[in-house]
1. Quick check on the range 56-66. Is at least one of its residues at pLDDT 85 or above and out of contact with any helix residue (DSSP H, G or I) (no Cβ under 6 Å at 6 or more places or on another chain)?
2. In this structure, does residue 28 turn out to be modelled with pLDDT of 95 or more and out of contact with any helix residue (DSSP H, G or I) (no Cβ under 8 Å at 6 or more places or on another chain)?
3. From the list 18, 49, pick out the single residue that is surrounded by fewer than 20 Cβ atoms within 10 Å (Cβ to Cβ) and at pLDDT 95 or above.
4. What are the residues in the range 124-150 that are closer than 14 Å to residue 78 by Cα, in a strand (DSSP E or B) and in contact (Cβ under 8 Å) with a residue 60 or more places away in the chain, if any?
5. Sort out which residues of the range 10-53 are assigned to a helix (DSSP H, G or I), more than 17 Å from the chain's Cα centre (by Cα) and within 27 Å of residue 140 (Cβ to Cβ), and write them in order of number.
6. If you take the residues of the range 70-89 that are surrounded by fewer than 20 Cβ atoms within 10 Å (Cβ to Cβ) and out of contact with any helix residue (DSSP H, G or I) (no Cβ under 7 Å at 6 or more places or on another chain), which of them is modelled with the lowest pLDDT?
């Protein structure tokens with residue numbers, strides 16, 4: 001296991017921001033990203049068991065026009081700190097992660113076209129003062145933090161972004 005960076009450990013302890021101003025901020029980010037990549041994006045506002053909201057891009061037809069690929073890419077934006085996580089789901093279910101499920105997947109498995117889209121969005125978020133929580137920290141334990149839903153020990157993703165995907 002990797003040591004968890006201090007900026008992540010500190011954010012885990014923060015209270016979520018369920019305000020309308022947080023939602024408006026993420027909606028504005030979604031619109032900016034839509035203009036940046038010239039693709040359809042959606043904004044997931046529900047914060048039920050989620051201290052974050054997400055901006056989603058579906059890359060089914062944008063990559064190689066193949067029915068064999070259908071990647072849903074979510075940029076989760078935490079309300080606990082200026083952090084984001086790239087959550088990739090293979091909606092065909094063919095590509096699996098280390099838990100033998102189709103999400104989240106490492107960005108490394110994506111075709112170059114998709115990686116370029118993600119890189120553009122990452123750069124934009126970083127330029128706007130957000131830090132990325134890398135995939136390698138996804139399922140590491142968030143020390144001292146329990147899930148809201150069932151009171152179990154939470155991982156980094158659950159503590160900062162979402163308990164339900």
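The values are calculated or read from the model by the stated rules, or taken from the named source; none is laboratory data. None of the values given here were measured: they were computed from a predicted structure. Reconstructed Cβ throughout: ideal geometry from the backbone, glycine too, with neighbour counts over all protein chains shown.
1. The answer is yes; a qualifying residue exists.
2. Numbers: modelled with pLDDT of 95 or more: yes; out of contact with any helix residue (DSSP H, G or I) (no Cβ under 8 Å at 6 or more places or on another chain): yes.
Here the answer is yes, as residue 28 does meet what is asked.
3. On the way: 49 fails: at pLDDT 95 or above.
Of 18, 49, the one residue that is surrounded by fewer than 20 Cβ atoms within 10 Å (Cβ to Cβ) and at pLDDT 95 or above is 18.
4. 131
5. Hit for the range 10-53 is 10, nothing else.
6. 70
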